[in-house]
Amino acid sequence: LLLLSNKLSSPSTTKTDGPVAMDRHMRALDELLDLKSDKDVRLVGIWGPGGVGKTTLARYAYEELSVNFHAHMFVETFTSRETQEGAKKTMSRSPNVASAAVIKSALTHRKGLLVIDCVDNLEQLKEIAEIICWFGSGSRVIFVTQDKNLLDEFGVRHVYEVQSLRYDEALQLFSQSAFKQQHPPTAHFESLSLRAVQVSSFLPLTLKILGSFLQDKDEKTWEEELQKLEGDRERTIMEVMKKSYSRANED
């Protein structure tokens with residue numbers, strides 16, 4: 001049994017202002033989705049490394065596009081290796097966990113939009129295929145994964161690779177987290193911010209966490225923290241995560 005965290009949401013209640021770079025991503029994704037065609041059920045993949053913004057893009061696309069469909073569902077894949085009995089207990093405790101049968105019931109014979117996040121093995125895709133065959137013409141299914149080989153094996157021909165942010169986009173996103181505005185407030189903070197962007201490898205998740213950690217700190221502290229991170233790039237993301245959790249616990 002494939003268990004799924006089922007999130008049904010209305011675009012009007014969950015939509016946020018467009019995240020950084022979302023217009024660029026959406027233009028490319030729109031071409032792959034080809035919503036003007038109602039001839040078949042189209043499968044589209046979103047792939048890239050962890051922290052690059054795949055889920056953010058998938059959620060934004062879902063919120064933007066769901067109004068074009070008769071039924072829609074955003075699904076987070078339940079990846080635990082629990083036994084079926086244990087999984088049944090999980091389902092009984094949480095209203096946000098559903099079986100493939102629930103998805104089939106909601107979307108059968110309808111023009112539907114199904115977004116499935118965190119796809120990480122071929123068996124998931126095979127079971128999802130049993131759901132897709134019941135969808136109405138014009139439906140769209142978006143798979144989100146870090147493993148492009150899965151999409152290739154499953155025959156997903158329309159795939160969008162989410163790459164790291166551009167320099168200006170990364171600086172804007174970092175500034176939103178660190179300063180709560182679109183740009184650094186001073187030339188010195190801009191110089192420090194550019195260093196932060198580099199140690200974050202332009203990854204949205206890391207930029208947000210590091211920006212949040214440095215928020216409200218003085219320039220001397222920024223300099224000290226950035227020097228530590230610049231000393232070992234491979235450990236940068238882990239160190240940023242640890243600092244973020246430490247600050248959260250202190251708060």
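The values are calculated or read from the model by the stated rules, or taken from the named source; none is laboratory data. Predicted model, so just to flag it, every value in this text is computed and none were measured. Every residue, glycine among them, receives a Cβ derived from its backbone with ideal geometry; neighbour counts consider all protein chains shown.
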Query raised in the report: So, of the residues in segment 157-182 that are in contact (Cβ under 8 Å) with a residue 24 or more places away in the chain and in a loop (DSSP other than H, G, I, E, B), which turns out to be farthest from Phe213 (Cα to Cα)?
Result: Arg157
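In this structure, does Phe202 turn out to be part of a helix (DSSP H, G or I), assigned by TED's automatic domain parsing to the domain that holds Met238 and out of contact with any strand residue (DSSP E or B) (no Cβ under 7 Å at 6 or more places or on another chain)?
no
Results for (1) at pLDDT 95 or above; (2) out of contact with any helix residue (DSSP H, G or I) (no Cβ under 9 Å at 6 or more places or on another chain), shown as yes or no for each residue.
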residue	(1), (2)
Glu190	yes, no
Val199	no, no
Leu207	no, no
Asp232	no, no
Arg235	no, no
Met238	no, yes
Query - Inter-residue pairs, beta-carbon under 8 Å, first under 12 Å from Phe143 (Cβ atoms) and in segment 43-68, second among the aromatic types (Phe, Trp, Tyr) and surrounded by fewer than 20 Cβ atoms within 10 Å (Cβ to Cβ), 6+ apart - result: Leu43/Phe154
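With the structure loaded, tell me whether Gly136 is on the phi > 0 side of the Ramachandran plot and in the same structural domain as Asp34 (by TED's automatic domain parsing) or whether it fails that test. Step through it out loud before you land on a result.
Working: on the phi > 0 side of the Ramachandran plot: no; in the same structural domain as Asp34 (by TED's automatic domain parsing): yes.
No.
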